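What follows is a set of notes on a single structure, which appears directly below.
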Amino acid sequence: MIQGKTYTLEEAKRVLENYCVYQERCHKEVRDKLGKMRMIPDAIDLVIVHLLEHDFLNETRFAKTFVSGKFRVKKWGRNRIKRELKLREISNYNIDLAINEISDFDYLRAFHELADKKIDSTKEKSLLKKKKKVADYLFYRGWESHLIYDKLNSINQ
């Protein structure tokens with residue numbers, strides 16, 4: 001049987017420092033990475049404490065960076081962002097803190113730009129089918145139902 005590389009505690013700390021410096025990481029990603037490195041639970045805890053103490057790992061910073069990137073780059077709505085952060089085991093406090101950094105003005109502007117672009121690009125003869133395609137797209141991206149339905153009600157052709 002082929003054995004994977006084993007790491008000393010110091011080697012694992014250095015590997016994970018580089019892992020966290022490359023991009024913001026959440027606790028779950030770090031724990032999973034250490035598990036794949038075949039570290040024992042006590043060692044995993046020691047490495048995570050080290051990363052926290054030296055500010056390589058910060059859940060609040062991760063949440064804010066994640067929200068900013070997914071909103072600005074991928075045009076995700078609040079629902080999708082919250083769902084993805086919960087999958088990463090981020091606390092509700094940090095989720096709310098990060099979500100609240102998106103201004104309502106920017107949020108609505110992004111929604112309308114995305115919705116208008118999808119409406120214009122959907123080549124569907126039937127108005128009902130067109131609305132369904134647009135709604136499915138916006139729901140998948142995590143936008144709120146009241147915004148979606150208000151937008152769909154404004155489509156005339």
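Some values worked out for this structure:
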quantity	calculated
Among the candidates D150, D120, residue that is assigned to a helix (DSSP H, G or I), over 20 Å from the mean Cα position of the chain (by Cα) and exposed (fewer than 11 other Cβ atoms within 10 Å of the Cβ)	D120
Test: residue in segment 28-38 that is of a type outside the set (S, T, N, Q), modelled with pLDDT of 95 or more and within 15 Å of the chain's Cα centre (by Cα)	yes
Residue that is under 27 Å from R25 (Cβ atoms) and either touching an Asp or Glu at 6+ places or on another chain (Cβ under 9 Å) or surrounded by 12 or more Cβ atoms within 10 Å (Cβ to Cβ) (or both), where the choices are L97, L87, L138	L97
Total residues in segment 1-55, condition on the phi > 0 side of the Ramachandran plot and β-branched (V, I, T)	0
Any chance V73 is among the β-branched types (V, I, T) and closer than 30 Å to K28 by Cα	yes
Residues within segment 14-44 that are within 25 Å of N94 (Cα to Cα) and without any contact (Cβ under 8 Å) to a residue 60 or more places away in the chain, tallied	18
Segment 138-152 residues that are over 13 Å from R78 (Cβ atoms), paired with ones that are β-branched (V, I, T) (beta carbon under 7 Å, 6 or more apart)	L152/V134
Residue match in segment 50-61 (condition: touching a Phe, Trp or Tyr at 6+ places or on another chain (Cβ under 9 Å) and surrounded by fewer than 18 Cβ atoms within 10 Å (Cβ to Cβ))	yes
Conditions (1) surrounded by 12 or more Cβ atoms within 10 Å (Cβ to Cβ); (2) part of a helix (DSSP H, G or I): number failed by I155	(2)
Answer residue from segment 11-38, given it is in contact with a Ser or Thr (Cβ under 9 Å, 6 or more places away or on another chain) and over 28 Å from E101 (Cβ atoms) and is surrounded by the most Cβ atoms within 10 Å (Cβ to Cβ) among those	M37
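The values are calculated or read from the model by the stated rules, or taken from the named source; none is laboratory data. It should be emphasised that the depicted structure is a prediction, and the values quoted were computed from it without experimental measurement. Heads up, the Cβs are rebuilt from the backbone with ideal geometry, glycines too, and the neighbour counts pull from every protein chain shown.
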